1. Mind checking whether some residue in the range 134-142 is among the aliphatic types (A, V, I, L, M) and within 11 Å of the chain's Cα centre (by Cα)?
2. Go through (1) touching a residue at least 40 places away in the same chain (Cβ under 8 Å); (2) of a type outside the set (S, T, Y); (3) over 16 Å from L161 (Cβ atoms) one by one and return the number of the condition G78 breaks.
3. Does the range 83-91 contain at least one residue that is at positive phi, in a loop (DSSP other than H, G, I, E, B), touching a residue at least 12 places away in the same chain (Cβ under 8 Å) and among the charged types (D, E, K, R)?
4. Could you grab me the full set of residues in the range 45-80 that are closer than 21 Å to Q123 by Cβ and among the aliphatic types (A, V, I, L, M)?
5. Please give the number of the condition P96 fails out of (1) out of contact with any Leu (no Cβ under 7 Å at 6 or more places or on another chain); (2) within 28 Å of F50 (Cα to Cα); (3) modelled with pLDDT of 95 or more; (4) not polar (S, T, N, Q).
6. Go through the range 97-110 residue by residue and tally those that are over 13 Å from I68 (Cα atoms) and either among the hydrophobic types (A, V, I, L, M, F, W, C) or surrounded by 14 or more Cβ atoms within 10 Å (Cβ to Cβ) (or both).
7. Consider the range 21-74. How many of its residues are among the hydroxyl-bearing types (S, T, Y), over 30 Å from P164 (Cβ atoms) and at pLDDT 90 or above?
8. Restricting the first residue to the range 109-130 and requiring it to be closer than 15 Å to Y146 by Cα, which pairs with a second residue that is basic (K, R) meet a Cβ separation below 8 Å and a spacing of at least six or different chains?
Amino acid sequence: MKPLHRARPWHVAVTILLALSTVAVVAAAKLSQTGTSNTTFKVSTSSQSFSGKAADMTTADDGTTVTITVKLGTLSTGVPLRDEKTKAALEVDKYPTVVLRVARSALKFPGAGDQVDTNARGQLTLHGQTKALTFQYTAELNSGAYDISGEMTINLNDFGLKPPSYLGQMVKPDVVIQTKFQVRD
């Protein structure tokens, strides 16, 4: 009786290398931002509400963590003095960005024509302090790109910020942040 075929050591090594290469390629799939982004915030005082926007948001993905960065120097409410007071309260010169980091494994990606509407947890860094928080997001895959919209509410006090005041009106500490952007995988 003939002995069974024995794998040669170099066959085993090549097979292992190919398997590891395939895993590495799948793990290295990264999101890249396409199109324009839109980040807005909504705040209230005792007598009114107002909103603003940030014109500069970027998305990065290292294969394990998705990072969304908003440059606070671009905040605009449409009222220059209010913008100045808001940026001063946020100490934008010292803390120029707000950053959300989310484990890629915590995110759900829909199939073509599908949509997910769910929550995820991430780490938000604002004013030099990082806090865990839950946010809501919707993702839809259209023509090979994910259309993403998300929302979270933060409390300024949680990040060591004193809510700003403008013309005698103190801003309430809860701020709603919304964003929309598109990425490709």
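The values are calculated or read from the model by the stated rules, or taken from the named source; none is laboratory data. For clarity, every value in this text was computed on a predicted model and none was experimentally measured. All Cβ positions, glycine included, derive from the backbone under ideal geometry; neighbour counts span all protein chains shown.
1. no
2. If we test G78 against (1) touching a residue at least 40 places away in the same chain (Cβ under 8 Å); (2) of a type outside the set (S, T, Y); (3) over 16 Å from L161 (Cβ atoms), just (1) comes out false.
3. yes
4. A54, M57, A60, V66, I68, V70, L72
5. Going through the list (1) out of contact with any Leu (no Cβ under 7 Å at 6 or more places or on another chain); (2) within 28 Å of F50 (Cα to Cα); (3) modelled with pLDDT of 95 or more; (4) not polar (S, T, N, Q), P96 breaks only (1).
6. Going through the range 97-110 one residue at a time, the tally reaches 4.
7. 2
8. From the range 109-130, the pairs are V116/K108; T118/K108.
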